[in-house]
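Read the structure below first, then the notes.
Values in this text are rule-based calculations from the coordinates and carry no lab data. These numbers come from a predicted model, not from an experiment. Please note: Cβ atoms are built from the backbone with ideal geometry, for glycine as well, and neighbour counts cover all protein chains shown.
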Amino acid sequence: MVHTQSQVPQPLGVIAAMPVEGEAIESALSEPVAHFVLGRQVISGLLEGHQVLLAYGGVGKVNAALAVAALANAGAAGVVMVGVAGAIAPGVGVGDAVVATDLVQHDVDVTAFNNPPGYFRAGLAGGSADPDLSDRLVMAARSIGAVVHRGCIASGDQFIASPEKSEAIADQFGAIAVEMEGAAAAHACRQIGLPLAVLRWISDAADDQAMIDFQEFLDQVTELDLKVVQALVAK
Ligand code: SAH
């Protein structure tokens, strides 16, 4: 019997917006080599024997799109984005993981020209995550004991710290988590033709407490990101 099994793309591009989100992955790379591509630091190396290209993208959508471009330039065959996000759906708690099914730029507003919120005339400002790579990321997160939710992730150039804003984004887009990079990476990956999966650890509830909860959670994200990417690429 021929058994065809798709694999995690290699080299696998990994984007961390903030240094704290990528530091443990960087430390775990064997044979690390630092490159400077399109103005970003990209570190190549091996994780569990799998070729990885780690990019520190920076915060926000433009940075995320540039990070995808840098990884594509460096030869990545697919992209995984890790990091933190705010929860905007009931039942999604701090410390849980959210794996994106699709991603939308919630701050795209061309409604004056009769486009729906989150849409340019050319189409959705965002894109779908790759189903196979996302399934693998879900399995990886479960294998390290995470509670995993799947759904839409909304991204915008805003730190959301109000129940009203969270509710509006959840209602408008059916999103379950909010952050500042994923949908831009989805847009860039769609245009370049790279499979993308996004996993976010919930750091806060995008409410009045968000800033404090977010900062407290950052201690944990370094190791969680490493563990989940390790589990993803482990044979
Ligand atoms: N410390 C940074 C700001 C971080 S912004 C500085 O001083 O510039 C928050 C980061 O965490 C972003 O990368 C975003 O993707 C994610 N994030 C976590 N919770 C969020 C929330 N409630 N709203 C928006 N982004 C959030």
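Note on the stretch 34-69 and the stretch 160-232: Cα centroid distance 18 Å, given to the nearest whole angstrom. Charged neighbours of Ala161, selected by a Cβ distance under 11 Å, balance to -4 (K, R count +1; D, E count -1). Summing charges over all other residues whose Cβ lies under 12 Å from the Cβ of Arg150, with Lys and Arg as +1 and Asp and Glu as -1, gives -1. Footprinting exposure proxy ranking of Cys189, Cys152, fewest other C-beta atoms within 10 angstrom first, gives Cys152, Cys189. The mean of 1/r over all distinct Cα pairs in the chain, once inverted, gives the Kirkwood hydrodynamic radius of 17.4 Å. Going from the fewest other Cβ atoms within 10 Å to the most, the residues Met180, Met18, Met211, Met81 appear in the order Met211, Met18, Met180, Met81.
Within the shell defined by Cβ-Cβ distances under 12 Å, the residues around Val79 carry a net charge of -1, with Lys and Arg each +1 and Asp and Glu each -1. Taking amide H atoms as placed 1.01 Å from N in the peptide plane, the amide H of His35 lies under 5 Å from those of Val42, Ile43, Ser44, each 5 or more residues away in sequence or on another chain.
In plain terms, the chain from Arg121 to Phe36 could stretch by 27.1 nm, reckoned as 0.36 nm per residue minus the Cα-Cα distance. Does the stretch 95-223 classify as rounded, prolate or oblate by the C-alpha gyration tensor (a ≥ b ≥ c root eigenvalues; a/c under 1.5 gives rounded; else a/b over b/c gives prolate, otherwise oblate)? Cα axes put the stretch 95-223 in the oblate bin.
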